[in-house]
Amino acid sequence: MAEFQDAREWLEAVEKQIAQVFMANGGALSFDPYNPELGVGHVFHEDDDDGFEVRRARIDTFQRFMDFIWAEGPNPIRALRRLFVITRCGSPTHLAMMNQTDVAVLLNETRAATSARELALWQPLMQNGGFFGVKRPGMKGEGAKKTYAAAAVGNHNRKGGKKAIAKFSVLREEHAKSKRKHKRQSKTKPE
């Protein structure tokens, strides 16, 4: 996660990330952003060809969608994060097939935070909806999670880990002792 001095700097990083993804996808969108059928008006539009049940289903779907996005309260940042989850997992073409790292840059967070949010929100949503295949392509299975967890056990290189802290605290204590010893020797004058 990058540290930004002000909002302008963060917005520049967002624009740069969007431009990179856009150009990586050939500089074109896979959907028509000016399609009038993509607007909210289409949801509430009364068409003679559609029956009452279809209109009611559209409105109900839209309301449930809004309830999902704003489920964490009237906080626009949290709503945006939830919108990114449902868009990236449900319709990734609308985000130009951005990966989790790209989304993390846009939201000024780590990729792991983006991944954890997707797991916490998307999978239960699909399971509650009755879908069987809740994992998207490229996601780790249960066997892979167990394998990676076993490999990480005893990892001495983990920053802030128990073993790393113990190792560096011993080095700091020894370094402090040697400094104190040198200071005492330099203060004494030979007779």
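FYI, it's all coordinate maths here, none of it is from the lab. Quick caveat, the model's predicted, so the values are computed rather than measured. Note: ideal-geometry Cβ built from the backbone for every residue, glycine included; neighbour counts use all protein chains shown.
Observations on the structure shown:
- The residues neighbouring D6, those whose beta-carbon lies less than 15 Å from its own, together hold a net charge of -3 under the Lys/Arg +1, Asp/Glu -1 convention.
- Computed from phi, the 3J(HN,Hα) profile of segment 94-109 under the Karplus parametrisation 6.51, -1.76, 1.60 (θ = phi - 60°) reads 6, 10, 6, 6, 4, 8, 5, 5, 4, 5, 4, 5, 4, 8, 6, 9 Hz, with x in place of Gly and Pro.
- For segment 147-153, Karplus couplings with θ = phi - 60° (6.51, -1.76, 1.60), whole Hz, Gly/Pro x: 5, 5, 5, 5, 5, 7, 5
- At most 10 other Cβ within 10 Å, DSSP loop - trypsin sites (Lys or Arg not before Pro), segment 54-89: none
- Neighbours of T114 by Cβ distance under 10 Å: Lys/Arg scored +1, Asp/Glu scored -1, total +1.
- For segment 61-70, putting each phi into the Karplus relation 6.51 cos²θ - 1.76 cosθ + 1.60 with θ = phi - 60° gives couplings of 5, 4, 5, 5, 4, 5, 4, 5, 5, 9 Hz, in residue order, rounded to whole numbers and with x for Gly and Pro.
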